[in-house]
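Rule-based calculations on the coordinates, nothing more; no lab input. Here the structure is a predicted model, which is why all the values come from computation and not from measurement. Cβ coordinates were reconstructed from backbone atoms using ideal geometry, including for glycine residues, and neighbour counts include every protein chain displayed.
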Ligand code: HEM
């Protein structure tokens, strides 16, 4: 008990020596959002259903790992018409590829509260290596991880056929994540 | 001593026809685009429509300022009091609608969560937060007001033609100097 209290107190101060490991995700506080550009207009969307397996100890970052699995059909693009469109063949082809997955291969400390995770991201059956910088902050007993990275949608075949026209929908899509995970006891 | 001018200024004429042209484009394009299936083409056309409409809004603000500081020529004395009132009423209503129609479009876009980026370059602020019910409301308002505007434009143009061919009082030529 004493050790746990010390660990939590240390985590609250975000001391790098804190031996606390984060694991269980709080889905209500976590979010996975994206911003695409249509005709130069930023349009926000999000995924409502995703699972995250997380293991992060700020004192032993090199051992950290993160795995993601999100349900394509839970996409919310901001309009019903677009939601119906993007699960189709030209976009995500959600019938054949119902999930997108990410598995970290390395986590690096960048100094301060900044870190970087690298690993393969698979969407629509196509895999690309991605690197995402993120920040970590202790918030009471929780760890808050926030980061953003940019993918090129066409590398994953998202938006093929007439939608391949990047002057309408830009190739770059920004992904933003905010994960709130509880400390593992 | 103030004298009422006998002519519109060149600026007033230019603003009138530029705005008219943009409305003649924005209105049919709006009707056409709403029934298109979702495609890159549709997204493009909607953007062009918004750009044209916001341009109307900007030009109308300039026009109202100009109108407030530059007296228009008086209506001919051959017109009855009722005719003059009807003409002025229609003009005021048109000014109102030239603001209300694009404003409803802008509010709808904000409520839908699709911000307006003028000509793909200048991001305009969202007027209201995202809301499905408000989006629905302003979509209806935009459509109804646009049709009301079309109706008054038709009456307005019919009156202008009547001035030219029936009354022959030179009122149309004041706004269309080439007719002289
Ligand atoms: C003088 C200016 C404008 C005119 C005459 C005009 C006219 C119209 C018309 C006739 C429609 C079709 C309505 C229907 O049948 O449902 C329409 C639709 C639309 N307008 Fe405008 N408009 C103007 C300005 C704007 C502006 C400034 C914006 C946004 C910034 C805008 C956004 C839209 C949108 C998004 C639709 C499609 C609505 C839907 O999804 O059903 N319009 N407009």
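What the table shows:
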| quantity | calculated |
| --- | --- |
| Inter-label distance for residue B:99 and residue B:168, nm, one decimal - labels placed 7 Å from Cα along Cα-to-Cβ | 4.1 nm |
| Cα Rg over Rh - chain B, Kirkwood | 1.03 |
| Rg to Rh, two decimals, where the protein assembly as shown supplies the alpha carbon set and Rh follows Kirkwood | 1.18 |
| Modelled label reach - residue B:65, point 7 Å along Cα→Cβ, segment B:93-129 residues with backbone N closer than 14 Å | none |
| Ranked by how many other beta carbons lie within 10 Å on average, peptides B:120-133, A:53-66 from highest | A:53-66, B:120-133 |
| Computed label-point distance, nm, for sites residue B:21 and residue B:88 using a 7 Å Cα→Cβ extension | 3.2 nm |
| Stokes-Einstein D for segment A:101-185, Kirkwood Rh over Cα pairs, 10 °C, 1.306 mPa s (µm²/s) | 109 µm²/s |
| Residue order, fewest to most surrounding Cβ atoms within 10 angstrom, among A:184, B:63, B:10 | B:10, A:184, B:63 |
| Mean Cα-pair separation over length for segment A:20-183, i.e. relative contact order, pairs under 8 Å, 6 or more apart, % | 26 percent |
| Cα shape, segment B:101-180, gyration tensor, a/c 1.5 rule | oblate |
| Per-residue [θ]222 nm for chain B (sum of -39500 (n - 2.57) over DSSP H runs n ≥ 4, rounded to 500) | -24000 deg cm²/dmol |
| Helix-only mean residue ellipticity at 222 nm for chain A, each DSSP H run of n ≥ 4 adding -39500 (n - 2.57), per residue, nearest 500 | -2500 deg cm²/dmol |
| Average partner coverage of B:33-44, which counts Cβ from other chains inside 10 Å | 4 |
| Inter-chain Cβ neighbour average for residues A:160-171, partner chain, 10 Å | 2 |
| Percentage of interatomic Cα-Cα distances in segment A:20-183 larger than 27 Å | 25 percent |
| Averaged over A:38-50, number of beta-carbon atoms from partner chains that fall within 10 Å | 4 |
| Part-to-part distance (alpha-carbon centres) for segment B:22-85 and segment B:112-180, which is given in Å | 3 Å |
| Segment A:52-147 - Rg and Dmax from Cα coordinates, angstrom | 15.9, 47 |
| Mean separation of Cα contacts under 8 Å, 6 or more apart, over the residue count of segment A:99-176: relative contact order % | 22 percent |
